[in-house]
Every structure is written in C-alpha cells, then in structure tokens.
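This report concerns only the one structure given below.
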Amino acid sequence: MDKKLEMFKEAIKKLKKAGADFVDIYYQKGKGFNATLEDNKIESTSFSVNEGVGIRVIKNFKIYFGYTNDLNNFPKLIESLKESLRENKDISLNFTKKERNLNDFYLDFDINLPLEEKIDILRFCNEKIREKYEKISQVTLSIKDGLSEVLIVNSLGEIVEDKRPFVLFKVLCVAKDLHNLQTGYESLAFRGGYKSIDKKKFLESSFKAAQRACTLLKAKDAPAGKFTVVLASEAGGTVIHEAVGHGLANIHRFLCRHLAH
C-alpha cells in the first residue's frame, strides 16, 4: 500500500500543477469467497479478487473523472487528465495521514477460515434443518465473505485508510404438503471476521428460515372478493392510488385511466 500511496501523491501534485483546484483519489482492493449448497450437495465455490482506482478533479466548478481497474494504466490516466486541464504552475502540498483505531469499528478482520470449515457450516445446517423439520423438501444455503482495503488521498493533504471485512450467510427453505408449497428465507450479515461471530447463529438463522416455511403451510389463504375500503379524509392521492388504482388497472384500462390517475 505504501508504493501506491506515493504514486497517488505524485499524481495529485501533477494534477494540481496542471491547474486543478481540488483532486481526490479513491483506491479499493478486495478479495471474496462464495459457496452454495443445494439439493444436499455443494453446487459452487468461487474466489474473487478485484482492484480499482478512481480520480476526481475539480477546476473552475467543472468536474473531471477518470478510473481504471488496471493500475498499469494509471500513468496514462493522469496524463489524460493533465491534458484536459492544460496549465503549468508551481504548487506545494503537505500530506498528513489520519490515524485511527480500526478495531473501534470491527471486532476482527479474519475471513481466512479454512475452506473445509466453511463448507462444514453449510452441510451441518442443511443436515440439522432436515432432521428437525420433516416437511422441508428443499434447502439452499450460501456463505459469502470478503475483505476490502480502501485508501483515499486528496489535494488537501489528507490520507485515510480503511479495512472492511464482512460475512454473509443466507438460507432458503421450501416446505410442502399434499396441497401446498411455501418458502422461508433468513439471512445473517455482519461486519467482521469469523472470530467475532458465534457459530450457533448460523444454525439459528437456518431454523428461522425453516420455521417460516412450515408456518406458512398452516396459514389461511388471504381473503378474496369485495371489501369496503375506508380512507381517512386527510389521505393523499398516493394512498388512494395504491389502495384502489392498481386494482382498477387489472379490471378495466379505461376506468384505471380516469380514476387511478
């Protein structure tokens, strides 16, 4: 990150010298993992790495913007922006790094749980759902994690860094009986690494999704037919449109055109 910081500092100096009133650079690099279990087997696993930088330049209340996801093209990007500015003046910049304790925001940054352990979480939750809820016919689970590193530098001399870890766990259950089929969904998401989460929460989320699907199997069908609609005198046009207009749209186009609007 230090080499990139020096490169960004030099880029800002060049753009200021070319006449920019203000310059800021946003750089982000991230890595991620995703795995999905469906129909009692692992359907997919994937790893990803991404990197990119964006530059915003302001001059005389005009905004110039450039970006690239290949840092080898960064010098060309700077030269292109310089050509757009077309000035040459002396400048002096003092960059100051803003220090802060990132642990104030995230409990931990460790997303490097072994692949086998991540897969085991999916298989364990799938097994427990099917053991507890006999009416569950299908289970889809996925676990996703990532860590982004962010660096922001501007021509005011400010330097800010951040790390952003996350873990996302999703569950979709399908329950069915002789005459009905329902789904239940639950997700668990948090900023932090695997050390900061109680592994029991994965199972709790799984049971919530399964319970929702099974509960809906017992639910009564929504009533249908003619109903009296009661609206307060202060109700706005939007309320009337949503309560009445969409229904009329399905009944008669001509009537909808006159009453729903």
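The one condition from (1) assigned to a loop (DSSP other than H, G, I, E, B); (2) not assigned by TED's automatic domain parsing to the domain that holds residue 247 that residue 234 does not meet is (2). Please work out if residue 186 is surrounded by 17 or more Cβ atoms within 10 Å (Cβ to Cβ), at pLDDT 95 or above and under 23 Å from residue 32 (Cα atoms). For residue 186, the condition - surrounded by 17 or more Cβ atoms within 10 Å (Cβ to Cβ), at pLDDT 95 or above and under 23 Å from residue 32 (Cα atoms) - is met. Across the range 169-179, a minimum of one residue is classified as under 15 Å from the mean Cα position of the chain (by Cα), surrounded by 17 or more Cβ atoms within 10 Å (Cβ to Cβ) and either β-branched (Val, Ile, Thr) or assigned by TED's automatic domain parsing to the domain that holds residue 37 (or both).
Where residues in the range 207-237 are of a type outside the set (D, E, K, R) and at pLDDT below 80, which of them is farthest from residue 127 (Cα to Cα)? Result: 233. Taking the criterion of being more than 16 Å from residue 180 (Cβ to Cβ) and loosely packed, with under 10 Cβ neighbours inside 10 Å, the residues of the range 200-235 that qualify are 200, 223, 224, 225, 226, 227, 228, 229, 230, 232, 233, 234. Of all the listed residues (63, 55, 42), the sole one being hydrophobic (A, V, I, L, M, F, W, C) and free of Cβ contacts under 8 Å to residues at least 12 places away in the same chain is 63.
The values are calculated or read from the model by the stated rules, or taken from the named source; none is laboratory data. All values reported here derive from a predicted model rather than from experimental measurement. No Cβ is skipped: glycine too gets one built from the backbone with ideal geometry, and neighbour counts run over all protein chains shown.
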